[in-house]
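The values are calculated or read from the model by the stated rules, or taken from the named source; none is laboratory data. Note that the coordinates shown come from a computational prediction; the quantities given were computed from them, not determined experimentally. So basically every Cβ, Gly included, is an ideal-geometry build from the backbone, and we count neighbours across all protein chains shown. Side chains are part of the model used for accessible areas, which takes the heavy atoms of the whole protein and leaves out ligands, DNA and RNA. Shrake-Rupley method; radii C 1.70, N 1.55, O 1.52, S 1.80 Å.
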Amino acid sequence: MIELRNVSKTFTLHNQGSAVIPVMTDVSLFVGAGECVGLKGASGAGKSTLMRMIWGNYLAASGSITVAGTDVARAEPREIIALRRERMAYVSQFLRVVPRVPTLEVVAEPLMAFVPEEEALEAARSLLTRLRIPERLWGLSPTTFSGGEQQRVNIARGFIRQVPVMLLDEPTASLDAANRETVLTLIEEAKARGTAIVGIFHDEEARDRVCDRLIEMGA
Amino acid sequence: MTPLLQVRGIEKRYGGRIGCIDVSFDLWPGEVMGIVGESGSGKSTLLSCLAGHQPSDKGEVIFHGRDVLKLSEAERRRLGRTDWAFVHQNPRDGLRMNVSAGGNVGERLMAVGERHYGNIRDTAEDWLQRVEINADRIDDRPRQFSGGMQQRLQIARNLVTGPKLVFMDEPTGGLDVSVQARLLDLLRGLVRRMGLSAIIVTHDLAVVRLLADRLMVMKGGHVVEQGLTDQVLDDPQHAYTQLLVSSVLQV
Amino acid sequence: MDDYNFAYLDEDTKRMIRRALLKAVAIPGYQVPFSSREMPMPYGWGTGGVQVTAACLKPDDTLKVIDQGADDTTNAVSIRKFFQRTAEVAVTERTQDATIIQTRHRIPEAPLQPGQIMVFQVPIPEPLRFLEPRETETRRMHALEDYGLMQVKLYEDIARHGEIATAYAYPVKVEDRYVMDPSPIPKFDNPKMNDSPALMLFGAGREQRIYALPPHTKVESLDFEDFPFVAGKADHPCAICGSTESYLDEIITDDAGSRMFVCSDTSYCQERSVQ
């Protein structure tokens, strides 16, 4: 599902004396269907960078990154857009939305392109309920929510579709025990469906519970 | 699937000065492309060359298998009121200020032969609502509208005939930030729902992040970098793009 | 009277105007530029019409001149006298007897006949003028048949007044091609232009434009499917001749607001009264 071969990444800061910052060299990684691989390493080791490269957000300097059949290191923008739309989901730590779109629509949006609107909204309602976002907040924009609430909206948005590849960046950070349990169950359900997952978990217990393997970055 | 628009080697010079040079790209159905760069980078020149508002010195713009730059004026105008649309930065350039909102929206319909007043009126009302203008303002003139409303009216006027490709020149320029956000959200929704392809020229990186799938960065008439919007903004490769991205003040 | 050339204008000028007229006849509804001359009357008094009439007149012609349908108002009288003096042609008030009829803002009630020439005085030849002020642009719009804007004007009328309120200078489409301003005739007269056996010539002196409708030209008034063109007039019989067919002028008869409706075509009205 996800295959990285000899991936290297450097940042060249042209406006700061053309400083070249190497982030990783020759990283290879394979994640099969139903597998969850955790990325480990000190901060700055390149965990997030690697996730962003798989997402197509950062450009690989060399190597190939094949995700559900698409080499994102070489793909055209529209191929990456199609991949994100149809086959890959990313739960980041940050929620980036237009301020006036209500939470229910923010969550339902990734599914809207595939099923009738009402069906997508129904799925969003059920996920928001499961993640204990009070119904009175559904009509409001999530931009005003607390960190934990925003985190759960992000998770709901990520899990609304069933996709072959998921990227999870600290999905359980800033969650209480009950919600943390819900998220871990969601991850386990996704694995059971055959989703290949790459995740960053600082929460060691969670990591041990859902990850099949760990990759040490910066080593 | 084939590209909706194929741009090949567009070049425009003003005497010895370069307007834009060697610009090529494909735009696919449903794709939104942003063109960013500072004033004088050639982005507006490029847009007006693509839209046929000014002649190019070199290059081709292929749409539906034909080079649009070689069309006769009559054919180009027909294209401009059917499959293509152009949203100007200043609504005054894109609206008829002496004609009511309904007449502004209805003009394109009438230009393509609609002759039923009731239908024109109903369509205009529907479109005013889609751009969040109350239908009871249908007989008011654009002068009586705020800047943001005028811009939304211009968008309705352009989209009423269901174009396939929309050119936008700084569509949010000159608007208050709060008004901008509303307009952007509206545009985003319309683009998605209608499956529009669009080329948006702006110097506002927030606008392209929200609206554009792809990004093209211009400097001195040249394309210095292009790619997926969030990739170009988050991992810029060219010195100029890095400067552009790092120059945005964080709020 | 030997002081003037026949019909005032010199022969070179007449030839120039005739060329423009021929082109106008060849392209019905198209505005042909011509180098309008200074005439011994101010602009707005029919300088365009007078030049066209001068270029068409022959010594054996019979001329009728009307102003808003009347033969006896200042404008009509002075133009008639002008040609009596400079061309010594016969004049008449009877529509049927005239070979050339110069008119300001009306078409006579009596049916026109083959061989007759109508000459219209035109203040503003461009039907798109008040919608698009740039002459370069309006010319291009005509060339490209880009007439959505003209329809917008009618739309605006209905939106504001509930009907197409344009009552005069009502735009027409000629032979499915050019949109034309028929000069400020009441829209009541518009149907008379369609398939008319007479030749219709339009002259705009200040604007230096000539256009024409050859006999039996298709002339359609613009409208909407659900708001069709109606050639309206005041719903009264003429107070003098009793006609219910003719276009009427409203005349205020005292300070108390009393009014009467009479035929605007004086010759038509007189003839009916005599009968």
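Annotations
- Close pairs from the range C:1-29: first within 30 Å of residue C:176 (Cβ to Cβ), partner among the polar types (S, T, N, Q) and buried (at least 17 other Cβ atoms within 10 Å of the Cβ), Cβ under 9 Å, at least 6 apart: C:17/C:36; C:17/C:51; C:24/C:31; C:28/C:217; C:29/C:217
- Residue match in the range A:159-173 (condition: in a helix (DSSP H, G or I), within 26 Å of residue B:193 (Cβ to Cβ) and at pLDDT 95 or above): yes
- The listed residue being at pLDDT 90 or above, open to solvent by 60 Å² or more (accessible area, probe 1.4 Å) and among the polar types (S, T, N, Q), out of B:150, B:154, B:129: B:129
- Scope the range A:174-219; condition surrounded by fewer than 15 Cβ atoms within 10 Å (Cβ to Cβ), in a helix (DSSP H, G or I) and aliphatic (A, V, I, L, M); matching residues: A:177, A:178, A:192
- Listed by first and then second residue, the pairs with beta-carbon distance under 8 Å, at least 6 apart or on different chains, first residue in the range A:113-134 and free of Cβ contacts under 8 Å to residues at least 24 places away in the same chain, second open to solvent by less than 60 Å² (accessible area, probe 1.4 Å) and outside any helix (DSSP H, G or I), are A:125/A:138.
- No other residue among B:75, B:107 is within 24 Å of residue C:141 (Cα to Cα), surrounded by 22 or more Cβ atoms within 10 Å (Cβ to Cβ), within 12 Å of chain C (Cβ to nearest Cβ) and of a type in the set (Asp, Glu) apart from B:107.
- Subset of the range C:73-87 [of a type in the set (Val, Ile, Thr) and loosely packed, with under 14 Cβ neighbours inside 10 Å]: C:74
- Residues that are within 29 Å of residue B:2 (Cβ to Cβ) and within 14 Å of chain A (Cβ to nearest Cβ), drawn from the range B:155-197: B:187, B:188, B:189, B:190, B:191, B:192, B:193, B:194, B:195, B:197
- Residues of the range C:105-160 classified as of a type in the set (Val, Ile, Thr), crowded, with 22+ Cβ neighbours inside 10 Å and within 14 Å of chain B (Cβ to nearest Cβ), total: 1
- Within the range B:157-169, considering residues that are open to solvent by 20 Å² or more (accessible area, probe 1.4 Å) and farther than 19 Å from residue B:119 by Cβ, the one nearest to the chain's Cα centre (by Cα): B:169
- Checking each residue in the range A:157-185 for being touching a Lys or Arg at 6+ places or on another chain (Cβ under 8 Å) and within 15 Å of residue A:110 (Cβ to Cβ) picks out A:162, A:163, A:164, A:165.
- Annotation: of all residues in the range B:1-35 being without any contact (Cβ under 8 Å) to a residue 60 or more places away in the chain and touching a Phe, Trp or Tyr at 6+ places or on another chain (Cβ under 6 Å), the one that is surrounded by the fewest Cβ atoms within 10 Å (Cβ to Cβ) is B:3.
- Members of the range C:209-229 that are touching a residue at least 24 places away in the same chain (Cβ under 8 Å), assigned to a loop (DSSP other than H, G, I, E, B) and open to solvent by 70 Å² or more (accessible area, probe 1.4 Å): C:218
- As a summary of the residue check, residue C:141 satisfies the conditions (1) without any contact (Cβ under 8 Å) to a residue 24 or more places away in the chain; (2) under 23 Å from residue B:81 (Cα atoms); (3) in a helix (DSSP H, G or I); (4) within 23 Å of the chain's Cα centre (by Cα) except for the one numbered (4).
- Only one of B:121, B:115 that is open to solvent by 60 Å² or more (accessible area, probe 1.4 Å) and within 13 Å of residue C:154 (Cα to Cα): B:115
This table checks each residue for (1) in contact (Cβ under 8 Å) with a residue 40 or more places away in the chain; (2) under 15 Å from residue B:169 (Cα atoms); (3) assigned to a helix (DSSP H, G or I).
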residue: B:199; (1), (2), (3): yes, yes, no
residue: B:209; (1), (2), (3): no, no, yes
residue: B:215; (1), (2), (3): yes, yes, no
residue: B:218; (1), (2), (3): yes, yes, no
residue: B:223; (1), (2), (3): yes, no, no
residue: B:230; (1), (2), (3): no, no, yes
residue: B:243; (1), (2), (3): no, no, yes
residue: B:248; (1), (2), (3): yes, no, no
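- Looking only at the range A:2-26, residues that are under 25 Å from residue A:82 (Cα atoms) and either buried (at least 20 other Cβ atoms within 10 Å of the Cβ) or in contact with a Phe, Trp or Tyr (Cβ under 8 Å, 6 or more places away or on another chain) (or both) come to 5 in all.
- Of all the listed residues (C:267, C:196), the sole one being part of a helix (DSSP H, G or I), crowded, with 21+ Cβ neighbours inside 10 Å and in contact (Cβ under 8 Å) with a residue 12 or more places away in the chain is C:267.
- Any hit, the range C:209-220, residues being within 30 Å of residue B:103 (Cα to Cα), modelled with pLDDT of 90 or more and within 14 Å of chain B (Cβ to nearest Cβ): yes
- The residue of the range A:39-68 that is farthest from the chain's Cα centre (by Cα), among those that are small (Gly, Ala, Ser) and within 12 Å of chain B (Cβ to nearest Cβ), is A:61.
- Restricting the range C:11-38 to residues that are more than 21 Å from residue C:142 (Cα to Cα), open to solvent by less than 20 Å² (accessible area, probe 1.4 Å) and not hydroxyl-bearing (Ser, Thr, Tyr), the residue that is farthest from the chain's Cα centre (by Cα): C:14
- Check on residue B:230, crowded, with 17+ Cβ neighbours inside 10 Å, away from chain A (no Cβ under 14 Å) and over 30 Å from residue B:124 (Cα atoms): no
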